[in-house]
Every structure is written in C-alpha cells, then in structure tokens.
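> Take a look at this one; I'll ask things after.
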Amino acid sequence: MRILVATDAWHPQVNGVVRTYERLSEELGALGVEMTVLAPHEFYNLPCPTYPEIRLALPGWRRVARCFHKVQPDAVHIATEGPIGWMARRYCRSRRIPFTTSFHTRFPEYLDRRFSIPTAWTTAILRRFHNAGRGIMVATPTLAHELSAQGFERVMPWTRGVDTDLYRPRDVRLFGEGPVFLYVGRIATEKSIESFLELDLPGRKVVVGAGPQLEELKTRYPDVVFTGKRTGETLAECYASADVFVFPSRTDTFGMVLLEAMASGLPIAALPVTGPIDVITPGETGVLSEDLRTAALEALKLDRDHIRAKAYDFSWEGAARLFLANLEATRPAETVRGAKPKPLGLARTPRQH
C-alpha cells in the first residue's frame, strides 16, 4: 500500500501545499499507507525568478524512472503543475500508469498579475495537464464548479484539516492590547495585502510571513508590525494574540490559515470569494464583505468560543480518508498485470482520540 506524490512544493518552502502533504503523509501512515514524495530536493534545482524562496527542479527522466521503480506505487498523485509535475505526468502517460492530480494554486491569475500573461493561455495549459489524469482533487465546491465550467474534467472533492491542539486560544498578547488585526501568509502581490494595510482600523495591524514583497511593504507601512516567518508554537501564539484575522486575498483556492485562525478562536474578515465563502459561516465564524473595513469591525463582535468549536468540523484524518477514497474511485479494476489492485487502507479502524 504505497502512494507516490509528485510535488514541486516541498521543504524548506512554507505554504499551504507543503503543509497539506506533510500532514497527509502523517495521517496516511497512521492508516497503514506509505506515502513517498518526489520533490525538488531529489534533483538539481534553481531559485524561481522573482521568488527565490521557491526552488525550481530540473528533473531528469532517468531519476524519475528510478524513483517509480524503487517505490512501485499502488497509486500516483501529482500535486503541482511545475517541472516535477510535468515530468511525472509524462512518465505515467508513457507507461500507462493511472494518476490523479490536484488544483492548489491559481497560476493563471498569479502569472497575469506578475507578468501580464493572459489567463486564457495558462488556463488552457492547466486544463491539458489535469485532464490527462483520472481525477482532479479540489478543496471547495465553489472551485469545483468554476473549474468544471472551464472544461476541467472529473473534478473530485478533497477538504483540509487543522491541528486543534497546536492552534488554540491562549492567554498571551504578543502585540499588546487590542484590537489587533492579523494577516498570516505569503507576502506577495497576488495576496493583495495592501488592501488590508490601507484600511482605517483602530488598534494595530500585524503581518506574519515572508515573501518577495516583505521589504517593500515594511518601508511603505512603518506603523505595521511585520514579524517575518513564524512556525509552530510561535505562529500559534501570533494567532492567539490577535482579535480579528483579515484575509484580503482573491486568489486562494482554500486558505488553510482560515482554519488555523478558527481553531485559535479568531473571527475572520474576508472577501466573498472562492475559499472564504466555502470555509466561513457568515455571522458565526466571520464576516464576508467587499468592504473589508466593515467586515473587520463587525468580526470583533463574534463569539470566539463558537468559532473555535466550528474548527472541529475540519480534521486531517477525515481529509486523508477522503484522499484515499478518491484514489480508490479512480483506480482501474485490474492492474497492467491483470491482478486486482490492493486496497488503500480505507477499511482500517479509525484511531481513537
């Protein structure tokens, strides 16, 4: 029971894709399924133009073939549409190996904002990439509907989870008394962070994260607290020290930081777009509005205990089991050798908590 995941996003990167597959690996292991990652560190790699924190691999055919031969996977999942993803896709197609994919990043919108590349061009390339697989996993119903309308085929649901032990309310105020309005995530132009920093809000604004726009924003907004990258306990304390989480992005496909904020009992102010509209319950866990200032001020009134309770709807074990169910549903009835595929651990007894 072995799964091979090909991904261009892996350590030392810190983002939602990396956290998703890192935690998925842990949960699959607990279900008796081994997950092997084919990632940039396996190959010679270079810094991504305009984004040196991301390493672009130069995957070779022979090394990819050796990985497949060594792992002998029962299922293959291609997580990203970068060089490793394309090479893994090419190898699978050449050997008639079935595979699934997932849609994590709105590359058409990102490339349009960064390099003025028409979204229709990039969308056509991504559609070709994903439609070669047996299924494309997406995190929200809204994104599934959007991709289906654009000609993406065999769209499948796949959710995310949150560590409610790590992210929880704490008796800590790292940034002084409130109200403290917090943003956590990559500091890059596609995240529209300026629309948060420009808001006329009482108290203090705090930005946690790193990225290519960090130094520019620190210079332009000297009154804002920029902490840089935070992980683990220090990140959890940042969430617990705030009063409202502000999410200004229009391009995220899910937004795992939304779940981390909820688990910390932190109300959310966000735009009514894909991601937030699928995660946030308006008036309960957050406020959705095109007017972010109004949303942020209204969010101050929400019940933090209730917000924390709603975070328990998202578990990593549930996400892992849905991932396995998707793989099971897309596998052929027989392998190329004529043998019935081995089960992927779905029938195992759930862990006791």
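> In the neighborhood of P59, defined by Cβ-to-Cβ distances under 14 Å, what is the net charge if each Lys or Arg adds +1 and each Asp or Glu adds -1?
Summing Lys and Arg as +1 and Asp and Glu as -1 gives +3.
> With angles folded into 0 to 90 degrees, how steeply does helix 119-131 sit against the dominant principal axis of the chain? Use alpha carbons for both and round to 10.
40 degrees
> What are the ³J(HN,Hα) values, in whole Hz, obtained from phi via the Karplus relation 6.51 cos²θ - 1.76 cosθ + 1.60 with θ = phi - 60°, for each residue of the range 259-272 in sequence order, with x given for Gly and Pro?
Rounded to whole hertz, the list is 5, 5, 5, 4, 4, 7, x, 9, x, 10, 10, 8, 7, x.
> Scan around G211 for amide H atoms under 5 Å from its own, H built in the peptide plane at 1.01 Å from N, and keep only partners 5 or more places away or cross-chain.
It is I187, by chain and number.
> Here is a further query. Given the Cα-Cα distance of T119 and N131 and 0.36 nm per residue of separation, how much length would full extension add, in nm? Each step should come with its number before you reach the end.
Values: separation 12, 0.36 × 12 = 4.32 nm, distance 1.78 nm.
Computed gain between T119 and N131 is 2.5 nm.
> Would you kindly derive the ³J(HN,Hα) couplings of the range 27-43 from the backbone phi angles with the Karplus curve 6.51 cos²θ - 1.76 cosθ + 1.60 (θ = phi - 60°), listing them in order in whole Hz, with x for Gly and Pro?
5, 5, x, 5, 8, x, 10, 8, 10, 10, 10, 9, 10, x, 5, 6, 10
> Counting other beta carbons within 10 Å of each residue's own, what order do Y44, Y167, Y221, Y91 fall into, fewest first?
So the ranking, lowest neighbour count to highest, is Y44, Y221, Y91, Y167.
> Across the chain, how many lysine pairs, 8 or more positions apart or on different chains, have C-alpha atoms separated by under 24 Å? Please give the number.
The result is 10.
> Count neighbours as other Cβ atoms within 10 Å of each site's Cβ, and list the GluC sites (Glu not before Pro) in the range 169-214 that are DSSP loop with at most 10 such neighbours.
Answer in residue order: E177.
> Here's a follow-up. Determine the sum of side-chain charges near V279: Lys and Arg each +1, Asp and Glu each -1, restricted to other residues whose C-beta is under 13 angstrom from that of V279.
-3
> Would you look at the GNM of the chain, springs on alpha carbons closer than 10 Å, and say which of D223, D252, D303 moves the most?
Comparing D223, D252, D303 in the GNM, the peak value goes to D223.
> Would you mind counting up the charge near N45? Only other residues with Cβ under 11 Å from its Cβ, with Lys and Arg at +1 and Asp and Glu at -1.
Charge balance in the 11 Å sphere: -1.
> Sorted by mean Cβ packing within 10 Å, highest first, what order do the peptides 12-23, 267-278 take?
267-278, 12-23
> Follow-up. Once amide H atoms are built 1.01 Å from N in the peptide plane, which residues 5 or more positions from T281, or in another chain, come under 5 Å H to H?
Answer set, sorted by chain and number: G286.
> I would also like to ask the following. Using amide H atoms built in the peptide plane, which far-off residues or other-chain residues are under 5 Å from L38 H to H?
V5, A6, T7
> Still on this structure: So what is the relative contact order for the chain, in percent, with contacts set as C-alpha pairs under 8 Å and at least six apart?
Values: 672 pairs, mean separation 56.4, N = 353.
Relative contact order for the chain comes out at 16 percent.
> While we're looking at this one, here's another question. If you average the alpha carbon positions of the range 26-50 and of the range 93-153, how far apart do those two centres end up, in angstrom?
20 Å
> Per residue of the range 83-100, what does 6.51 cos²θ - 1.76 cosθ + 1.60 with θ = phi - 60° give for ³J(HN,Hα)? Whole Hz please, x for Gly and Pro, Karplus curve as stated.
For the range 83-100, the Karplus-derived couplings read x, 5, x, 5, 5, 5, 4, 4, 5, 4, 5, 5, 9, 6, 8, x, 8, 10 Hz, x marking Gly and Pro.
Any read-out appearing in this document is the output of simple, stated calculations on the displayed coordinates, not a laboratory observation. Everything quoted here is computed from the prediction, not taken from an experiment. Positions of Cβ are backbone-derived with ideal geometry, glycine not excepted, and every protein chain shown enters the neighbour counts.
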